[in-house]
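Asks: Would you mind keeping the following structure in view while I ask a few things?
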Amino acid sequence: MRGYFITFEGPDGSGKSTQIKLIKEYFEKKGFDLIITREPGGTRISEKIRDIILDNDHTEMDYIAEALLYAAARAQHVSQLIKPALEEGKVVICDRFVDSSFVYQGEGRGLGKCVKEINDIAIRGCMPDVTFLFKIDPEIGNMRIKNKNRLDMEKIDYHRIVYNAYLKLEKEYPDRIKGIDAGRSIDEIHEEIKEYLEKLLK
Ligand code: ADP
Ligand code: TYD
(Lines give C-alpha, C1' and ligand atoms only; values in the text may rest on other atoms or scores of the structure.)
(Ligands and ions follow the chains in the order given, each with its own letter.)
Protein backbone atom coordinates (compact mmCIF):
# COMPACT_ATOMS: atom_id res chain seq x y z
CA MET A 1 0.00 0.00 0.00
CA ARG A 2 1.22 3.48 -0.82
CA GLY A 3 -0.12 6.86 0.24
CA TYR A 4 -0.13 10.12 -1.68
CA PHE A 5 2.76 12.53 -1.89
CA ILE A 6 1.67 16.11 -2.61
CA THR A 7 4.04 19.06 -2.87
CA PHE A 8 3.52 22.83 -3.07
CA GLU A 9 5.93 24.92 -5.11
CA GLY A 10 6.27 28.51 -6.27
CA PRO A 11 8.03 31.80 -5.60
CA ASP A 12 8.59 32.96 -2.03
CA GLY A 13 5.50 34.71 -0.73
CA SER A 14 3.19 33.07 -3.29
CA GLY A 15 0.89 31.77 -0.53
CA LYS A 16 1.93 28.11 -0.21
CA SER A 17 2.06 27.93 3.61
CA THR A 18 -1.27 29.78 3.91
CA GLN A 19 -2.97 27.24 1.65
CA ILE A 20 -1.32 24.21 3.26
CA LYS A 21 -2.66 25.34 6.64
CA LEU A 22 -6.22 25.62 5.24
CA ILE A 23 -5.99 22.22 3.53
CA LYS A 24 -4.74 20.65 6.77
CA GLU A 25 -7.69 22.07 8.73
CA TYR A 26 -10.22 21.02 6.08
CA PHE A 27 -9.05 17.43 5.60
CA GLU A 28 -8.38 16.79 9.28
CA LYS A 29 -12.00 17.76 10.04
CA LYS A 30 -13.00 15.08 7.53
CA GLY A 31 -10.93 12.49 9.41
CA PHE A 32 -7.90 12.24 7.11
CA ASP A 33 -4.53 11.43 8.65
CA LEU A 34 -2.31 13.99 6.94
CA ILE A 35 1.40 14.54 7.42
CA ILE A 36 2.27 18.21 6.87
CA THR A 37 5.92 19.01 6.44
CA ARG A 38 8.31 21.43 4.75
CA GLU A 39 11.68 21.78 3.09
CA PRO A 40 14.34 22.50 3.95
CA GLY A 41 13.34 20.90 7.24
CA GLY A 42 10.75 18.43 8.49
CA THR A 43 13.04 16.44 10.80
CA ARG A 44 15.31 17.46 13.70
CA ILE A 45 18.49 17.16 11.64
CA SER A 46 16.98 18.74 8.50
CA GLU A 47 15.74 21.74 10.52
CA LYS A 48 19.31 22.25 11.78
CA ILE A 49 20.56 22.19 8.19
CA ARG A 50 17.79 24.70 7.33
CA ASP A 51 19.15 27.13 9.92
CA ILE A 52 22.60 26.94 8.32
CA ILE A 53 21.27 27.43 4.77
CA LEU A 54 18.91 30.33 5.46
CA ASP A 55 21.09 32.26 7.93
CA ASN A 56 21.34 35.85 6.63
CA ASP A 57 24.88 35.98 8.02
CA HIS A 58 26.14 33.17 5.72
CA THR A 59 26.79 35.44 2.74
CA GLU A 60 29.92 33.52 1.67
CA MET A 61 28.12 30.18 1.13
CA ASP A 62 29.41 28.34 -1.94
CA TYR A 63 26.66 27.42 -4.46
CA ILE A 64 27.67 23.74 -4.56
CA ALA A 65 27.75 23.65 -0.76
CA GLU A 66 24.25 25.19 -0.77
CA ALA A 67 22.90 22.58 -3.23
CA LEU A 68 24.45 19.74 -1.21
CA LEU A 69 23.01 21.08 2.04
CA TYR A 70 19.49 21.20 0.56
CA ALA A 71 19.99 17.65 -0.73
CA ALA A 72 21.37 16.46 2.63
CA ALA A 73 18.36 17.91 4.47
CA ARG A 74 16.12 16.19 1.88
CA ALA A 75 17.86 12.80 2.20
CA GLN A 76 17.22 12.79 5.95
CA HIS A 77 13.64 14.00 5.45
CA VAL A 78 12.84 11.32 2.86
CA SER A 79 14.33 8.44 4.83
CA GLN A 80 13.08 9.44 8.27
CA LEU A 81 9.64 10.89 7.54
CA ILE A 82 8.32 10.92 3.96
CA LYS A 83 9.07 7.36 2.80
CA PRO A 84 7.89 5.61 6.00
CA ALA A 85 4.66 7.67 6.00
CA LEU A 86 3.92 6.84 2.35
CA GLU A 87 4.62 3.17 3.00
CA GLU A 88 2.00 3.30 5.77
CA GLY A 89 -0.49 4.67 3.20
CA LYS A 90 -0.56 8.21 4.58
CA VAL A 91 -1.03 11.46 2.68
CA VAL A 92 2.11 13.59 2.90
CA ILE A 93 1.89 17.30 2.04
CA CYS A 94 5.23 19.04 1.72
CA ASP A 95 5.92 22.79 1.37
CA ARG A 96 8.63 22.67 -1.36
CA PHE A 97 10.61 19.61 -2.49
CA VAL A 98 13.03 18.63 -5.24
CA ASP A 99 11.57 21.04 -7.86
CA SER A 100 12.79 23.90 -5.65
CA SER A 101 16.35 22.62 -6.01
CA PHE A 102 15.95 22.23 -9.78
CA VAL A 103 14.86 25.86 -10.16
CA TYR A 104 16.71 27.71 -7.35
CA GLN A 105 20.04 25.83 -7.54
CA GLY A 106 19.94 24.28 -11.04
CA GLU A 107 18.76 27.41 -12.88
CA GLY A 108 19.01 30.27 -10.36
CA ARG A 109 22.58 29.43 -9.37
CA GLY A 110 23.36 28.01 -12.81
CA LEU A 111 24.51 24.61 -11.50
CA GLY A 112 22.56 22.72 -14.18
CA LYS A 113 22.30 18.95 -14.41
CA CYS A 114 24.40 18.08 -11.35
CA VAL A 115 21.50 19.21 -9.16
CA LYS A 116 19.36 16.39 -10.51
CA GLU A 117 22.18 13.89 -10.00
CA ILE A 118 22.68 14.94 -6.36
CA ASN A 119 18.95 14.83 -5.71
CA ASP A 120 18.43 11.44 -7.34
CA ILE A 121 20.72 10.10 -4.64
CA ALA A 122 18.84 12.00 -1.92
CA ILE A 123 15.25 11.06 -2.84
CA ARG A 124 15.75 7.40 -3.79
CA GLY A 125 12.84 7.34 -6.24
CA CYS A 126 10.45 9.20 -3.96
CA MET A 127 8.79 11.69 -6.34
CA PRO A 128 5.55 13.59 -5.69
CA ASP A 129 2.29 12.30 -7.19
CA VAL A 130 0.95 15.84 -7.53
CA THR A 131 2.67 19.23 -7.34
CA PHE A 132 0.73 22.49 -7.05
CA LEU A 133 2.72 25.29 -8.67
CA PHE A 134 1.72 28.71 -7.31
CA LYS A 135 2.01 31.12 -10.22
CA ILE A 136 2.55 34.77 -9.35
CA ASP A 137 4.97 37.46 -10.43
CA PRO A 138 7.97 36.97 -8.10
CA GLU A 139 8.09 40.70 -7.39
CA ILE A 140 4.54 40.61 -5.98
CA GLY A 141 5.38 37.48 -3.96
CA ASN A 142 8.50 39.14 -2.56
CA MET A 143 6.53 42.22 -1.49
CA ARG A 144 4.25 39.99 0.63
CA ILE A 145 7.13 38.61 2.76
CA LYS A 146 7.70 40.27 6.13
CA ASN A 147 10.88 38.59 7.48
CA LYS A 148 13.19 37.95 4.55
CA ASN A 149 15.78 35.10 4.69
CA ARG A 150 19.09 34.78 2.77
CA LEU A 151 17.37 33.53 -0.40
CA ASP A 152 14.51 36.06 -0.28
CA MET A 153 17.12 38.85 -0.28
CA GLU A 154 18.55 37.79 -3.65
CA LYS A 155 18.05 40.30 -6.47
CA ILE A 156 14.80 40.26 -8.43
CA ASP A 157 16.67 38.99 -11.56
CA TYR A 158 17.49 35.80 -9.65
CA HIS A 159 13.82 35.34 -8.71
CA ARG A 160 12.78 35.88 -12.33
CA ILE A 161 15.16 33.17 -13.56
CA VAL A 162 13.76 30.86 -10.86
CA TYR A 163 10.16 31.65 -11.82
CA ASN A 164 10.77 31.06 -15.53
CA ALA A 165 12.39 27.73 -14.64
CA TYR A 166 9.23 26.78 -12.75
CA LEU A 167 7.12 27.58 -15.82
CA LYS A 168 9.43 25.38 -17.90
CA LEU A 169 9.03 22.50 -15.44
CA GLU A 170 5.23 22.89 -15.58
CA LYS A 171 5.36 22.41 -19.36
CA GLU A 172 7.75 19.47 -19.04
CA TYR A 173 5.66 17.55 -16.47
CA PRO A 174 2.02 18.43 -17.21
CA ASP A 175 0.74 15.19 -15.63
CA ARG A 176 2.34 15.90 -12.26
CA ILE A 177 2.49 19.70 -12.01
CA LYS A 178 -0.77 21.60 -11.69
CA GLY A 179 -0.49 25.38 -12.10
CA ILE A 180 -2.47 27.55 -9.68
CA ASP A 181 -3.22 31.23 -10.32
CA ALA A 182 -1.85 32.55 -7.02
CA GLY A 183 -2.86 36.17 -7.69
CA ARG A 184 -6.44 35.49 -6.56
CA SER A 185 -7.96 35.69 -3.08
CA ILE A 186 -7.00 33.17 -0.39
CA ASP A 187 -10.56 31.72 -0.47
CA GLU A 188 -10.65 31.26 -4.25
CA ILE A 189 -7.32 29.43 -4.26
CA HIS A 190 -8.39 27.25 -1.32
CA GLU A 191 -11.60 26.23 -3.14
CA GLU A 192 -9.66 25.13 -6.24
CA ILE A 193 -7.09 23.08 -4.33
CA LYS A 194 -9.71 21.57 -2.01
CA GLU A 195 -11.85 20.43 -4.96
CA TYR A 196 -8.84 18.93 -6.72
CA LEU A 197 -7.68 17.03 -3.62
CA GLU A 198 -11.19 15.86 -2.77
CA LYS A 199 -11.36 14.07 -6.12
CA LEU A 200 -7.83 12.70 -5.76
CA LEU A 201 -8.22 11.39 -2.21
CA LYS A 202 -11.72 9.95 -2.62
P1 ADP B 1 4.81 31.21 1.01
O2 ADP B 1 4.61 30.08 1.98
O3 ADP B 1 4.55 30.80 -0.40
O4 ADP B 1 6.13 31.92 1.17
P5 ADP B 1 2.79 32.57 2.62
O6 ADP B 1 1.64 31.64 2.67
O7 ADP B 1 3.68 32.63 3.84
O8 ADP B 1 3.67 32.31 1.31
O9 ADP B 1 2.24 34.04 2.30
C10 ADP B 1 3.08 35.18 2.30
C11 ADP B 1 2.24 36.39 2.79
O12 ADP B 1 1.22 36.69 1.85
C13 ADP B 1 1.54 36.16 4.13
O14 ADP B 1 1.56 37.37 4.85
C15 ADP B 1 0.11 35.79 3.72
O16 ADP B 1 -0.83 36.17 4.71
C17 ADP B 1 -0.08 36.58 2.43
N18 ADP B 1 -0.95 35.88 1.46
C19 ADP B 1 -1.09 34.55 1.27
N20 ADP B 1 -1.96 34.28 0.27
C21 ADP B 1 -2.38 35.47 -0.20
C22 ADP B 1 -3.29 35.87 -1.25
N23 ADP B 1 -3.91 34.98 -2.01
N24 ADP B 1 -3.47 37.19 -1.45
C25 ADP B 1 -2.82 38.11 -0.70
N26 ADP B 1 -1.96 37.82 0.30
C27 ADP B 1 -1.73 36.52 0.55
P1 TYD C 1 11.14 29.49 3.25
O2 TYD C 1 11.13 30.56 4.28
O3 TYD C 1 10.63 28.15 3.65
O4 TYD C 1 10.42 30.03 1.96
P5 TYD C 1 8.93 29.88 1.49
O6 TYD C 1 8.06 30.36 2.62
O7 TYD C 1 8.85 30.73 0.28
O8 TYD C 1 8.75 28.43 1.15
O9 TYD C 1 12.61 29.41 2.70
C10 TYD C 1 13.02 28.44 1.86
C11 TYD C 1 13.95 29.09 0.85
O12 TYD C 1 14.85 28.11 0.34
C13 TYD C 1 13.20 29.67 -0.34
O14 TYD C 1 13.77 30.90 -0.72
C15 TYD C 1 13.46 28.67 -1.44
C16 TYD C 1 14.79 28.07 -1.07
N17 TYD C 1 15.00 26.68 -1.49
C18 TYD C 1 16.01 26.39 -2.40
O19 TYD C 1 16.72 27.30 -2.88
N20 TYD C 1 16.23 25.09 -2.76
C21 TYD C 1 15.51 24.06 -2.23
O22 TYD C 1 15.74 22.86 -2.57
C23 TYD C 1 14.47 24.37 -1.29
C24 TYD C 1 13.63 23.28 -0.69
C25 TYD C 1 14.24 25.71 -0.96
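Asks: Report the gain in length on full extension from Asp57 to Lys116: 0.36 nm times residue separation, minus Cα-Cα distance, nm rounded to one decimal.
Replies: Values: separation 59, 0.36 × 59 = 21.24 nm, distance 2.75 nm.
Once the chain is fully extended between Asp57 and Lys116, it gains 18.5 nm.
Asks: If you don't mind, there's one more thing I want to ask. Mind putting a number on the dipole of the range 98-202 about its Cα centre? Charges go on the C-beta only, +1 for Lys and Arg and -1 for Asp and Glu, and I need it in Debye to the nearest 20.
Replies: Details: 19 positive and 20 negative charges, 71 e Å.
In total the dipole reaches around 340 debye.
Asks: Here's a follow-up. Which residues among the range 27-45 fall inside the zone where the amide N is under 20 Å from a point 7 Å beyond the Cα of Glu88, along Cα→Cβ?
Replies: 27-39, 41-45
Asks: In deg cm²/dmol, rounded to 500, what helix-only [θ] at 222 nm does the chain give when every DSSP H run of at least 4 residues adds -39500 (n - 2.57) and the total is split over its residues?
Replies: On the way: 8 runs with 95 residues, N = 202.
When only DSSP H runs of four or more count, the value is -14500 deg cm²/dmol.
Asks: Then there is this: Packing-wise, with mean Cβ within 10 Å as the measure, how do 162-169, 91-98, 148-155, 57-64 rank, highest first?
Replies: Details: 162-169: 18.2, 91-98: 23.6, 148-155: 14.1, 57-64: 10.2.
Answer by packing, highest mean first, reads 91-98, 162-169, 148-155, 57-64.
Asks: Skipping prolines and chain starts, which residues have an amide H placed within reach, meaning under 5 Å, of the one on Ile35, given they are 5 or more residues away or on another chain?
Replies: Val91, Val92, Ile93
Asks: On the protein heavy atoms, probe 1.4 angstrom, tell me the percent of accessible surface of the range 37-100 carried by carbon and sulfur. Walk me through the numbers before you get to the answer.
Replies: Details: 1470 of 2840 Å².
It is 52 percent, rounded to a whole number.
Asks: Determine the shape class of the chain: with a ≥ b ≥ c the square roots of the Cα gyration tensor eigenvalues, call it rounded for a/c under 1.5, and otherwise prolate if a/b is greater than b/c, oblate otherwise.
Replies: On the way: a/c = 1.59, a/b = 1.21, b/c = 1.31.
Since a/c reaches 1.5 but b/c is at least a/b, the shape of the chain is classed as oblate.
Asks: Something else about it: Over the range 152-202, what percent of the accessible surface lies on carbon and sulfur atoms, probe 1.4 Å?
Replies: Working: 1660 of 3210 Å².
Its accessible area is 52 percent carbon and sulfur atoms.
Asks: Oh, and also: Per residue, how large is the accessible surface of the chain? Use a 1.4 angstrom probe and give square angstrom. Don't jump to the answer; show the numbers that get you there.
Replies: Values: 10270 Å² over 202 residues.
I get 51 Å² per residue for the chain.
Asks: Below 8 Å between Cα atoms, with a sequence gap of 6+, how large is the relative contact order for the chain in percent? Before the final figure, lay out each step's value.
Replies: On the way: 301 pairs, mean separation 67.4, N = 202.
That works out to 33 percent.
Asks: Rounded to the nearest 20 debye, what is the charge dipole size of the chain about its Cα centre when +1 sits on each Lys and Arg Cβ and -1 on each Asp and Glu Cβ? Mind showing how you got there, number by number?
Replies: Numbers: 33 positive and 36 negative charges, 80 e Å.
With Lys and Arg at +1 and Asp and Glu at -1, about 380 debye.
Asks: Just tell me, in residue order, which DSSP H segments of the chain are both 30 angstrom or longer along the helix axis (alpha-carbon based) and at least -0.5 in mean Kyte-Doolittle hydropathy.
Replies: On the way: long enough: none.
Helices passing the filter in the chain: none found.
Asks: Could you tell me which of Cys114, Ile49, Gly31 has its Cα farthest along the dipole of the chain towards the positive end, charges placed at Cβ (Lys, Arg +1; Asp, Glu -1), taken about the Cα centre?
Replies: Of the options given, the answer is Gly31.
Asks: Treating the beta-carbon of each Lys and Arg as +1 and of each Asp and Glu as -1, no other charges, what is the dipole magnitude of the range 91-141 about its Cα centre, to the nearest 20 debye? Show your work: numbers first, answer last.
Replies: On the way: 6 positive and 8 negative charges, 35 e Å.
Charge dipole of the range 91-141: 160 debye, to the nearest 20.
Asks: Run the numbers on the range 95-202 and let me know its relative contact order in percent, using alpha-carbon pairs under 8 Å that are six or more apart. Please list the in-between numbers first.
Replies: Working: 71 pairs, mean separation 34.6, N = 108.
About 32 percent, as a whole number.
The values are calculated or read from the model by the stated rules, or taken from the named source; none is laboratory data. Predicted model, so just to flag it, every value in this text is computed and none were measured. We place every Cβ from the backbone using ideal geometry, glycine too, and count neighbours over all the protein chains shown. Only protein heavy atoms, including side chains, enter the accessible area calculation; ligands, DNA and RNA are left aside. Shrake-Rupley method; radii C 1.70, N 1.55, O 1.52, S 1.80 Å.
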